[in-house]
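The structure that follows is given in the form of structure tokens.
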């Protein structure tokens, strides 16, 4: 009887370890958070969706990006998604990796559980969507009816691309395609992120 109990316990532990490992290694399989493929199932209700095309660059000091929300006073509200390398030790090892997000999010002071909720491995090339449900980083409903969104990408070394805009959370759907601002307008790899579109759904 004791041997059977030990066997079942070990099997349960191994199963739990497998589930945890699969989530860490493949965050795109975690449902709607933190990043979805463009053809995946979308959430319902009031939300902001940011869709984009991504091409993986075979370069060092590249392929890092983040999506986050601030209120109209410039206060950080929440991160929709950030590449895992920067969210862990990358922001210390490579200070030029998505520096605006690092500053806004105060990642150095964030708890590990908070980092894991927003971070994911750099995805494969393709079409993706990041969503925000109007809650802040603590899970509380964010106050206000207007918010600023930011999409920052570290393209190569110090070269960055930034998309930003304002969403008014009213009764009507809102859609826009923000124009990028490049730190190096003539950069060869500025199209790492492209076709960025932001849609507000009133629910």
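Per the Cauchy relation, a quarter of the hull surface: what is the mean projected area of the convex hull of the alpha carbons in the range 31-201, in nm²? Kindly include the intermediate steps, with their values, before the conclusion.
Numbers: hull surface 37.3 nm².
Directional mean of the projected Cα hull area for the range 31-201 stands at 9.3 nm².
Hey, what did the range 31-201 get for relative contact order, percent, Cα under 8 Å, at least 6 apart?
Details: 362 pairs, mean separation 56.9, N = 171.
Across the range 31-201, relative contact order equals 33 percent.
I would also like to ask the following. Work out, step by step, the length gained on full extension between residue 37 and residue 106: first 0.36 nm times the residue separation, then minus their alpha carbon distance; give nm to one decimal. Please list the in-between numbers first.
Numbers: separation 69, 0.36 × 69 = 24.84 nm, distance 2.76 nm.
My answer for the length gained is 22.1 nm.
The numbers here are math on the coordinates, done by the rules we state, and not lab data. None of these values were measured; they are calculated from a predicted model.
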